[in-house]
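A.B. asks: Pasting a structure here, questions to come.
Read-outs: derived from the displayed coordinates by stated rules, not from any lab. Only a predicted model underlies this, so the values are computations on that prediction, with no experimental measurement involved. Quick reminder, even Gly has a Cβ in these numbers, built from the backbone with ideal geometry, and neighbours come from all protein chains shown.
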């Protein structure tokens, strides 16, 4: 399988990613199931070290090899990645993966403790990426690895501020310049549809519920004409009748009668009617998830600048 | 270490190329290096282009006499030790500086003329600050640093790489690049999976920044097609990146109005034998333009692009409808916008369309820190936003596909704990032009959609 080229037809043995739903994916090798670590999104920012095809780079430690893939993609076809891993099992797994994914000629992996033994590379690379517990121990070796007469970039990826502190000190001592440190996150905003009814719609349905209740009350206690109604009691009764039938025909039509009160002149629904689709007024909105990644690591950047004599 | 290896030519400053000149104030300036000319840096002095041509990038120079420069290495602020001094005795006093404004201006002028060294200038300003001795060592250092930034005639020759160019515009003229910040651009090229062999489709209303990204991340084996308004490309940022002609040859332009081949017939093959030189040149020019157009049209028609990058002032949904048919299966689509709202509508469209999977809206967040021994903290002022991205993967709809086995579909209104989006039917009816756009029947529907679903399913 060609890692850098897309192909149109899936073949036996290909590494694929299967989407089980719109956002749930499972990686598979066609035929045999196998897990492929892809922390895709979080690599984006480490690419702020200006990688382009043809450049040479050091990465340590290799870990699962996922960032190695990302780097290799950017350096292909004629660049090179030297990656170092001191954990033997991880080294073996990563090495096998580079083979399987067809990037073995772009990536050289070494089983080596760089903190003790250095990189063993001089005057060759344009960029160095450190993901180590004690990055300050390799800064001197990194300095020597840079192509001495061109500008180069170093990035150190550490979760703790104390690591950053020590690394920056080492970088300053080794003559790196333009030392900057960033915390970078990609915050998800989830899309959803939410009802956004107006308060007038809410008022209206409560109003109609109140009117229904008034009808029921009027039926329960039918006679006793009120003082202001005394002048035209017949007219009021007529009005009331009209109201009852009218409401059954229009506003309450089609709403299932659940808790209505039986009466001589028909059923009246006392439940609060649900808002209509139109009243619900569905809108697309985004919402931040309850939790998101709060910290990936601090990214420390430094520039290797060639020394010029006056 | 070996010092006699010849550096790659691309990493030395070349004559006629564009470079970024970074000043101590943090400001950048773009300069094209014409040999034998002088570059004016205002209060930071001036230098001659010949003095930096052929030298490596990244070097900081000091202007020490009129137009004369030498490499400079800054003493570091972190070397300062903490002391007992406090700011308790320092009162707000606008007359803390004994030098008058005129005197300082005079010093500055003689510094520009090269008569006074900038270190002497800063020393003088420091000496004349009444409160300087009362400051803590750190705040003394900070004060000196601030004055150096103001008066030191230093500049750094910065290579216009994608990162630097993006940063330059973000600082200097962010509207030109639609406020794209470096971390967002990094994510765009990563999500878009641009690599050596990519064929990339780009809608660039950022004066060429996206095109620069697509070109730098790929090689001779790749092609970039830019959709544009009108017939003449206006991507001025391209020139800053100093692309060699063979790189620019990989970039093809196509006007939105000429996507279809029927629109192409503006060139007629005529009898050239009777033309005079001027007519012939014009004719040949038109022929060349026409041939380029045909090439761009064929490139688009071939389809199967490896990525679609969009950063446009136009509605992303309208652009997606035009271009998605040309994007290959499993390929990423990345839409950038400085505001979230256009992306919301586009994401909603993607969720209802069978052409996309995994649409996600993300916001870029970045905070810079001051890192000093014992004094590390986030910068007091930070960039408030880096814009938003909508990413998705293009898929092919296969209506005839039948599952080998399937469980009966649950009622569409089953509430979901994840609160995932329901099929937005209303939008689908209204805005989807293609009749094939089916409503996805996911079993996860949000609780909020329940009422609506119930109403509609009656």
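A.B. asks: I'd like the mean, over residues of B:367-374, of how many other protein chain beta carbons sit within 10 Å of each residue's own Cβ.
C.D. replies: Mean partner shielding for this stretch: 6.
A.B. asks: Something else: Give me the extension gain from residue B:239 to residue B:134: residue separation times 0.36 nm, minus the current Cα-Cα distance, reported in nm with one decimal.
C.D. replies: That works out to 32.7 nm of additional length.
A.B. asks: Given R₀ = 35 Å, what would the calculated FRET efficiency be for residue B:313 paired with residue B:221, taking r from the Cβ atoms and rounding to 0.05?
C.D. replies: 0.65
A.B. asks: Now, a different point. Residue by residue through A:64-73, how many Cβ atoms from other chains fall within 10 Å of the Cβ on average?
C.D. replies: Counting other chains' Cβ atoms within 10 Å and averaging over A:64-73 gives 1.
A.B. asks: Estimate the FRET efficiency between residue A:203 and residue B:289 by the formula 1/(1 + (r/R0)^6), using the beta-carbon distance for r and 56 Å for R0, to the nearest 0.05.
C.D. replies: After rounding to 0.05, the efficiency reads 0.30.
A.B. asks: Could you check the simple spin-label distance between residue A:223 and residue B:304, using points 7 Å along Cα→Cβ, in nm with one decimal?
C.D. replies: About 9.3 nm, to one decimal.
A.B. asks: Could I ask something else about it? At what distance in nm do the modelled label points of residue B:55 and residue B:149 sit from each other, each positioned 7 Å from its Cα along Cα→Cβ?
C.D. replies: Between residue B:55 and residue B:149, the label points sit 2.4 nm apart.
A.B. asks: Ok, one more. What ranking, highest mean first, results for peptides B:100-109, B:309-318, B:41-50 when packing means the other Cβ atoms within 10 Å averaged over each residue?
C.D. replies: Peptide ranking by packing, descending: B:309-318, B:41-50, B:100-109.
A.B. asks: Ordered by packing density, taken as the mean number of other Cβ atoms within 10 Å over each peptide's residues, highest first, how do B:59-71, A:202-214, B:228-240 rank?
C.D. replies: Packing order, densest peptide first, comes out as B:59-71, B:228-240, A:202-214.
A.B. asks: Here's a follow-up. So for each of B:383-394, B:115-126 I average, over its residues, the number of other beta carbons within 10 Å; can you give me the resulting order with the highest mean first?
C.D. replies: For the peptides B:383-394, B:115-126, the packing ranking is B:383-394, B:115-126.
A.B. asks: Can I ask one more? Could you tell me what percent of the DSSP beta bridges with both partners in region B:176-396 are antiparallel, to the nearest 5?
C.D. replies: That works out to approximately 40 percent antiparallel.
A.B. asks: Shifting gears a bit: Per residue of A:280-286, what is the mean number of Cβ atoms on other protein chains within 10 angstrom of that residue's Cβ?
C.D. replies: Other-chain Cβ atoms within 10 Å of each residue's Cβ, averaged: 5.
A.B. asks: Expressed as a whole number of Å, what is the distance separating the alpha-carbon centroids of region A:172-219 and region A:68-107?
C.D. replies: 45
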